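K.L.:
Dropping a structure here in structure tokens format, bear with me for questions.
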């Protein structure tokens, strides 16, 4: 269980929202403290800045990034949970007549990945949001995740083909992971050794044909994402909470 010490608040110099709590239990030392940070914006810059600010202010031993992502059709289903075994920043490269990507890879903390594998299968009992499709139970998938500043809506786009996502082992695409992972990597140079793991739940599927807007509408009005994002966000947060409980087991008095 988590006991909140502070209500959500915004720092005057940042758009992030911060909530602070501690785990309940008879710990031999000080009870583990949990800080929940809601980033103010989407994208790599926001992911990096929010993570760096949290590290500088709280000096955490673990950084978990939880949220929603687009899933590659055939690899995952709506509502599934993806534990990132690697994060690839796919949209850096050289642009001439064609785009030549120069991907950067980030690895998760092996220790946290092992903890994620130990999370009991009944973690779904903590879900508080009903799935849009009755009977859906999130499946936990370990896979590589692509990270960039673009919302990928279809596998048929020229950009998708240019960055070679079609021939990859990616199961999901998202927008903040590489920035957060880069901030953790850079912080280690300064002596802030925090473990990092990303947890994403699938709110929409990247298909050969976009399942989003009607002709003339903006792609941001993707009805699939609008329907599933609340459930997916709840699934990612619920699994993250279960992982925290598993990582910091109460050793007793």
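K.L.:
Please pull out the direction-averaged projected area of the range 44-189, using the convex hull of its alpha-carbon atoms, in nm² to one decimal place.
P.N.:
Details: hull surface 41.5 nm².
Here the figure is 10.4 nm², rounded to one decimal.
K.L.:
Provide the packing ranking of 192-200, 127-135, i.e. peptides ordered by the mean count of other C-beta atoms within 10 Å per residue, highest first.
P.N.:
Working: 192-200: 22.4, 127-135: 11.9.
Ranked from most to least packed, the peptides come out as 192-200, 127-135.
K.L.:
How large is log10 I(q)/I(0) at q = 0.25, 0.27 Å⁻¹ when the Debye formula is applied to the Cα atoms of the range 84-149, each weighted equally and without solvent?
P.N.:
-1.07, -1.13
K.L.:
Once the mean 1/r over all distinct Cα pairs of the range 2-247 is inverted, what Kirkwood radius in angstroms do you read off?
P.N.:
Values: mean 1/r = 0.0532 Å⁻¹.
Hydrodynamic radius (Kirkwood, Cα pairs) of the range 2-247 is 18.8 Å.
K.L.:
Could you list 78, 23 so that the one with the fewest beta carbons within 10 Å of its beta carbon is first and the one with the most is last?
P.N.:
Details: 78 22, 23 18.
With the sparsest Cβ surroundings first, the list reads 23, 78.
K.L.:
Return 207, 188 ranked ascending by Cβ neighbour count within 10 Å, so the fewest neighbours appear first. List each step's numbers first, then the result.
P.N.:
Numbers: 207 18, 188 12.
Ranking 207, 188 by Cβ neighbours within 10 Å, fewest first, gives 188, 207.
K.L.:
Grab the Cα-Cα distance for residue 193 and residue 111, subtract it from 0.36 nm times how many residues apart they are, and report the gain in nm with one decimal.
P.N.:
On the way: separation 82, 0.36 × 82 = 29.52 nm, distance 1.32 nm.
That pair, residue 193 and residue 111, stretches by 28.2 nm at full extension.
K.L.:
Which value, to two decimals, describes the C-alpha radius of gyration of the range 38-125 once divided by 2.2 N^0.38 Å? Spell out each step's value before the answer.
P.N.:
Details: Rg = 16.2 Å, N = 88, 2.2 N^0.38 = 12.1 Å.
Output field value: 1.34.
K.L.:
What list do you get for 59, 247, 94 if you sort them by fewest beta carbons within 10 Å? Before the final figure, lay out the partial values.
P.N.:
On the way: 59 12, 247 21, 94 9.
If I rank by nearby Cβ atoms, fewest first, I get 94, 59, 247.
Each reported figure results from applying straightforward, stated rules to the coordinates on display, with no laboratory input. Keep in mind that this is a model prediction, so the values were computed, not measured. Because the Cβ atoms are built from the backbone with ideal geometry, glycine has one as well, and the counts that use them run over all protein chains shown.
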